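Following: one structure in C-alpha cells, then a few remarks.
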Amino acid sequence: MAHWPEATTIKSSIEAADTIMIHRHVRPDPDALGSQLGLKRIIEQAYPEKKVYVVGGIVRDLEFLGKMEHVEPDMYDEALVLVLDTANHERIDGPYALKGKTVIKIDHHPDEDPYATHQIVDTTVSSTSEMIAELAEMWQMPLDEESAFLLFAGIVGDTGRFQFRNATPRTFEVAAKLIAYGIDTNRLYRQMYKTNLATLQLQGYVLQHVQVTEAGVGYVKIDADVLRTFHATPEAASQLVNSFSGLEGLKCWVMFVENKDEIRVRIRSKGPVINDVAKRYRGGGHQMAAGATIDRWDEMDEVIAALDEVARPYTFENNEES
Ligand SMILES: [Mn+2]
C-alpha cells in the first residue's frame with residue numbers, strides 16, 4: 001500500500017465536514033471526472049448524511065460518467081474542498097474552490113503549485129483515480145460497482161488502456177480489485193472510445209497525408225480548409241495526434257492545426273526529448289509530449305527541422321524498432 005502520511009488527516013477532515021465540494025481541472029479527461037465522481041460516490045456511501053457536490057463546467061463527450069452540480073459561493077464558507085488531478089490553481093474548474101474553509105489537493109502531477117492546506121501528491125501513481133481507489137481502501141470506505149466503474153475509467157484514460165509506462169504492477173492490482181465489483185468494461189470501452197463519422201473521416205485524411213522525414217519525424221498539416229471539409233473543430237483534430245504513432249521507424253511526430261489566427265503544434269515522441277523545441281515556439285510540456293504555437297505556415301518547416309535535429313542522433317535500444 002502507498003505511503004501517504006497525510007491520508008489520516010484528510011480522512012479526519014472528511015469526517016468533520018458537513019459540506020464537501022469536489023473539484024478537478026478544466027477541460028476534464030476521464031481521470032479528472034472518474035476520480036471526482038468516484039470519490040463523491042464513495043463519501044456518500046460511507047456518510048449518507050453529508051452533502052457532497054461535484055463542481056465544474058460541462059463535460060460533453062464524457063457525460064456518461066456523470067453530471068456536474070450547481071453551487072453558490074456562500075456554500076463554501078464552512079465547506080471542505082477536495083481538488084483532484086489539478087497541479088496548479090489556475091487549472092481548477094469552478095471559481096470558488098479556494099474559498100473553502102479547508103482545501104485539499106490529491107494529484108499525481110509534479111507539484112508545481114502547492115495551493116492547498118493539505119495535500120497528497122505522488123507522481124509515481126498512474127492516475128488520480130488509482131490514488132482514490134488506494135485511499136478508499138486505507139480509509140476503509142467501501143466501493144460498489146458504480147464507484148469502481150468511475151475509478152477504472154480514470155485509470156484506463158490516463159494509462160491509455162494500460163499501455164503507457166505509468167501502468168505499474170500496483171496499477172494492475174488496483175484495476176483487478178475494481179473489476180471484481182462486476183463493472184461492465186465492455187460498455188466502458190465502447191463509451192470512452194466511440195467516435196463519429198466526421199472525426200473518422202478526418203482521421204482518414206490524417207493517415208493519408210502523414211509525411212515522414214528521413215530522420216524519423218512524422219508530420220501532418222491541418223489547415224482551416226481541411227477543418228471545414230470535415231466539419232471538424234481544431235480540438236477534435238488535435239486529438240488525432242496519436243493516430244499514426246504505430247508507424248515503424250517513427251521517432252517523434254507533430255501535428256499542425258490551424259486555430260483562428262494561429263497554428264497549434266502538438267508534438268509527441270517515442271524517445272527524443274522534444275519539449276525544448278516546444279519552448280522555442282511559445283510552448284512547453286513533458287519530455288515526450290509537448291505543445292507549441294506558431295503564427296505562420298512558413299514556420300512549420302522550421303519546427304520540423306528542429307525536430308529532425310533532435311531525432312537524428314536518437315537510436316532505439318534493443319532493436320525495439322528499426
Ligand atoms: Mn490524471
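The values are calculated or read from the model by the stated rules, or taken from the named source; none is laboratory data. Please read these numbers as outputs of a predicted model, since none were measured by experiment. Cβ placement follows ideal geometry from the backbone for every residue including glycine, while neighbour counts extend to all protein chains displayed. For the accessible areas, the whole protein counts, side chains as well, though only heavy atoms, and no ligand, DNA or RNA atoms are used. Shrake-Rupley method; radii C 1.70, N 1.55, O 1.52, S 1.80 Å.
Quick notes on this structure:
- Beta bridge orientation in the chain: antiparallel %, DSSP, nearest 5: 45 percent
- The range 199-261: GluC sites (Glu not before Pro) in DSSP coil with no more than 11 other Cβ atoms inside 10 Å: Glu214, Glu248
- Mean accessible surface per residue for the range 6-192, computed with a 1.4 Å probe while every protein chain stays in place, in Å²: 45 Å²
- The range 177-237, dipole about Cα centre (Lys/Arg Cβ +1, Asp/Glu Cβ -1), debye to the nearest 20: 360 debye
- In this structure, Gln140 and Asn242 have a Cβ-Cβ separation that, at R0 = 45 Å, corresponds to a calculated FRET efficiency of about 0.70.
- Projection of the Cα convex hull of the chain, averaged over all directions and equal to a quarter of that hull's surface, yields 17.5 nm².
- Cut-off 11 Å between beta-carbons: net charge of the residues surrounding Ala148, Lys and Arg +1, Asp and Glu -1: -2
- Taking the Cα centre of the range 200-319 as origin and assigning +1 to Lys and Arg Cβ atoms and -1 to Asp and Glu Cβ atoms, the resulting dipole is close to 340 debye.
- Peptide ranges 58-64, 273-279 listed from the most packed, as the mean C-beta count within 10 angstrom indicates: 273-279, 58-64
- Within the accessible area of the range 200-319 (1.4 Å probe), percent carbon and sulfur: 45 percent
- Aspartates and glutamates with Cα under 13 Å of Lys270, excluding same-chain neighbours fewer than 8 positions away: Glu248, Glu317, Glu320, Glu321
- Calculated FRET value between Lys50 and Asn259, using beta carbons and R₀ = 45 Å, to 0.05: 0.60
- Bridge type composition, the range 6-192 - antiparallel percent by DSSP, nearest 5: 5 percent
- With every protein chain in place and a 1.4 angstrom probe, the accessible-area ranking of Tyr96, Tyr181, largest first, reads Tyr181, Tyr96.
- Taking all protein chains together and rolling a 1.4 Å probe, Val212 ends up with roughly 70 Å² accessible.
- Computed over protein heavy atoms with a 1.4 Å probe, the carbon and sulfur contribution to the accessible area of the range 6-192 reaches 48%.
- Per-pair calculated FRET efficiency, R0 = 35 Å: Ser12 and Ala198 via Cβ, rounded to 0.05: 0.10
- Counting 0.36 nm for each residue step from Ile58 to Ala2 and taking away their Cα separation leaves a gain of 16.9 nm.
- Antiparallel %, DSSP beta bridges [both residues in the range 197-322], to 5: 75 percent
- Distance (nanometres) between label positions extended 7 Å along Cα→Cβ at Glu90 and Asp301: 3.4 nm
- Ordering Thr229, Ser12, Thr159 by the projection of their Cα atoms onto the charge dipole of the chain, which places +1 on the Cβ of Lys and Arg and -1 on the Cβ of Asp and Glu, puts Thr229 at the extreme positive end.
- Computed over the Cα atoms of the range 207-315, the ratio of the radius of gyration to the Kirkwood radius (Rg/Rh) comes to 0.94.
- The helix-based estimate of mean residue ellipticity at 222 nm for the chain, built from -39,500 (n - 2.57) per DSSP H run of four or more residues and divided by its residue count, is -10500 deg cm²/dmol to the nearest 500.
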